[in-house]
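Have a look at the structure below before the remarks.
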Amino acid sequence: LSSSWKDNQDWEKKHKGFFYQTMSKRIAVGIDIGSYNARVATFDESLNHPVCAHNNDGHRTTRVVLDDATAAVDASNLERFLQEKLIELASNATHTKDLSIITSIPNDIPSDDAESKKWSDVLRKTGGVITEAAAVCLAYDLEEKARDNQRVLVIDGGASGLKVTILRGINGLWCLESTKKSQSVSGTSLVEPLAQSVAQQFETKHRFPRGEVWQSKKAR
């Protein structure tokens, strides 16, 4: 480059179009993977916040379906699910393949477990890895408020279970102190009782015989 400031300005103006044509901006993508479902969010610069991507069915939640069968996410099918479903969904939503991806990893996978290493190896191929609890902290801007020995309770309700995580503030950072999972309190186990309750209220209000609405496949 020329030594004078004016020459540098002229050089930048001359080559400005070249930079705009050759340098593309990477789109930030966040992927939250559960046991049977996943969500993809892309950062919308015009709105200045993430937006959930909708799949072909118009839903924001994508079911783990491989070879026309629903499956639970594990290390053996994780890479395929990411490539065939989630990353493709992010590319379609942003109209580019130039993506910067970070994916959450369940808190209840032990850090020294072989399964955890397989998950991490797959996720690092596509981008960064973050725990679900840490993702919650980032979403709520908690990383700027961590005081020593302060604790935060993170409750994550999913289809297969309920995860409870305790984060503790140490030297200004949120650190994972403990995590527990209960499969007795899950989205699947809660949906049916709630739906039954709604059906019973509808039957009572409209004077239907008890159980008629709930037993109707069309109504369900």
Selected residue (criterion: farthest from L153 (Cα to Cα)) from residues of the stretch 168-189 that are among the aliphatic types (A, V, I, L, M) and open to solvent by 90 Å² or more (accessible area, probe 1.4 Å): L173
Test: E212 is farther than 22 Å from I105 by Cβ and surrounded by 11 or more Cβ atoms within 10 Å (Cβ to Cβ): yes
Lone unmet requirement of (1) over 15 Å from V29 (Cβ atoms); (2) modelled with pLDDT of 85 or more for L89: (1)
Single condition S182 does not satisfy, out of (1) at pLDDT 75 or above; (2) over 30 Å from W214 (Cα atoms): (2)
Options S178, S197; residue that is among the hydroxyl-bearing types (S, T, Y) and in a helix (DSSP H, G or I): S197
Check on A71, closer than 30 Å to E177 by Cα and hydrophobic (A, V, I, L, M, F, W, C): no
Criterion: in contact with a strand residue (DSSP E or B) (Cβ under 9 Å, 6 or more places away or on another chain) and of a type in the set (D, E, K, R) - qualifying residue of E212, E203, E177: E177
Filter pass, D44 being more than 27 Å from E115 (Cβ to Cβ), open to solvent by 90 Å² or more (accessible area, probe 1.4 Å) and over 15 Å from the mean Cα position of the chain (by Cα): no
Pairs, first under 21 Å from L173 (Cβ atoms) in the stretch 121-142, second at pLDDT 70 or above and open to solvent by 60 Å² or more (accessible area, probe 1.4 Å), C-beta under 8 Å, six or more apart: G128/I102; V129/I102; I130/I102; T131/L176; E132/D32; A133/L176; A134/L176; A135/D32
Single residue of the stretch 61-94 satisfying the filter (of a type in the set (K, R) and in a helix (DSSP H, G or I)) that is surrounded by the most Cβ atoms within 10 Å (Cβ to Cβ): K85
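The values are calculated or read from the model by the stated rules, or taken from the named source; none is laboratory data. Please read all numbers here as calculations on a predicted model, not as lab measurements. Heads up, the Cβs are rebuilt from the backbone with ideal geometry, glycines too, and the neighbour counts pull from every protein chain shown. Each accessible area value is taken on the protein alone, full model and side chains, heavy atoms only, with ligands, DNA and RNA left out. Shrake-Rupley method; radii C 1.70, N 1.55, O 1.52, S 1.80 Å.
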